Amino acid sequence: QKNGYETFMEKEIAEQPFVIKETLRSRIEDHILMPELDDLAMEDIHAIYMIACGTAYHASLYAQYLGREWLSIPIQCVPASEFRYGNYPVDEHSLCLFVSQSGETADTLAALKACKKKNAKTIAVCNVLDSSISRIADTTLYTCAGPEIAVASTKAYTTQLTLLACIMLKLAELAKVEVNGYDQLLHDVKALPETIESMLGMEEQMKEYASFLKEQHDAYFIGRQLDYVSVLEGALKLKEISYVHADAYYAGELKHGPIALIEEGTVVIALATQKDVASKTISNIEETIARGANVILIKAKGVHSDKIAHQIEIPDIHPYLACLPATILLQQFALWSAKEKGCNVDQPRNLAKSVTVE
Ligand code: F6R
């Protein structure tokens, strides 16, 4: 049931504060509570692989970033369709983490089976109880997003980000790593439901920005560091439901080719929530403005440029969590672009909710 919303996607976007709260239930006190991982001997782990498809792959990229910051173990994120045919040195000292909303995605399932065969330790992050992936993995941690009906993933993604932040904090604890700013981070994780709730009120603004795409066939998303994960997801959401061609680039890569695409009126969605690299992103943005780009900037407090006409600020939050509020804005942007173009938001062409065949 759509509970009065016009589409399931709108309902699912609105549910995010609640499902994030459910995902965090009993997970946080003054440290992360994750008894499922208590027996994991991190000293035996020599490599971590994160394997998933589509939006779940973007969630894995987020976890990879946190893992790189905190763990001194090599960590690699690979799309499942590549992993299953690639030659990765997986063995009993590998920890393989699979992220899947449905728990039935063919490529992710095949990669999981291959890793089990090589005696790797396997952890799944799933949303569906008793799904194939959750039954085969050594341990499954569940997101509590509830059923996701719209083909384009929204609440499953943000619950994955939330749970993966907790998992990576738990792995850091097991590896006896001291995480800088741990208390602040934990505080901001706990406050995520309220932070996300406050983002829902920004919909009108994103609706207006989405109207910039009315006459456009392309949109370019740019960001650095963790913002790159968000722009990948923002571009995917936009192309899958509104059929606007969208690409995501590392902001610093623009001048190595993609900037050739920028012309008068080109829509660029830029993210600058990572303060330590924000000034670099701002100069990349200004280079696109000099070539006529129409830029929408999603930024953290304190990041500033007078040259950018359209700016929207996310609430004050630890930079490692800024992806969550930023993603809500990008979901609304895609949603309204699709609605404006009269697209079937819940069932985009050529796509299935669960990809159970290769
Ligand atoms: C995009 C989307 C897909 C899925 C992908 C993996 O909005 O929903 O990219 O994320 O097909 O599906 P799961 O998570 O079920 O393995």
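At a glance:
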read-out	value
Options 94, 60, 100; residue that is more than 16 Å from residue 153 (Cβ to Cβ), in contact (Cβ under 8 Å) with a residue 12 or more places away in the chain and of a type in the set (Gly, Ala, Ser)	94
Top-ranked residue of segment 93-129 - restricted to ones that are over 24 Å from the mean Cα position of the chain (by Cα) and assigned to a loop (DSSP other than H, G, I, E, B), ranked as farthest from the ligand (Cβ to nearest atom)	93
Subset of segment 316-358 that is touching a Leu at 6+ places or on another chain (Cβ under 9 Å) and outside any helix (DSSP H, G or I) - its residue that is farthest from the ligand (Cβ to nearest atom)	318
Check on residue 319, within 24 Å of residue 181 (Cβ to Cβ), crowded, with 23+ Cβ neighbours inside 10 Å and not aliphatic (A, V, I, L, M)	no
For residue 54: the one exception among (1) more than 16 Å from the ligand (Cβ to nearest atom); (2) farther than 17 Å from residue 122 by Cβ; (3) not acidic (Asp, Glu)	(1)
Residue 87, sole failed condition from (1) buried (at least 20 other Cβ atoms within 10 Å of the Cβ); (2) not in a helix (DSSP H, G or I)	(1)
Index of the failed condition, residue 73 passing every other in (1) in a helix (DSSP H, G or I); (2) β-branched (Val, Ile, Thr); (3) more than 16 Å from the ligand (Cβ to nearest atom)	(1)
Residue that is of a type outside the set (Phe, Trp, Tyr), in a loop (DSSP other than H, G, I, E, B) and in contact with a Phe, Trp or Tyr (Cβ under 7 Å, 6 or more places away or on another chain), where the choices are 179, 151	179
In segment 130-148, the residues that are part of a loop (DSSP other than H, G, I, E, B) and among the small types (Gly, Ala, Ser)	131, 137, 145, 146
So residue 25, is it surrounded by fewer than 15 Cβ atoms within 10 Å (Cβ to Cβ) and at pLDDT 95 or above	yes
Among residues of segment 36-54, those that are of a type outside the set (Val, Ile, Thr), assigned to a strand (DSSP E or B) and under 25 Å from residue 101 (Cβ atoms), counted	3
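The values are calculated or read from the model by the stated rules, or taken from the named source; none is laboratory data. Quick caveat: nothing in here was measured; it's all calculated off a predicted structure. Glycine gets a Cβ as well: all are built from the backbone with ideal geometry, and neighbour counts include every protein chain shown.
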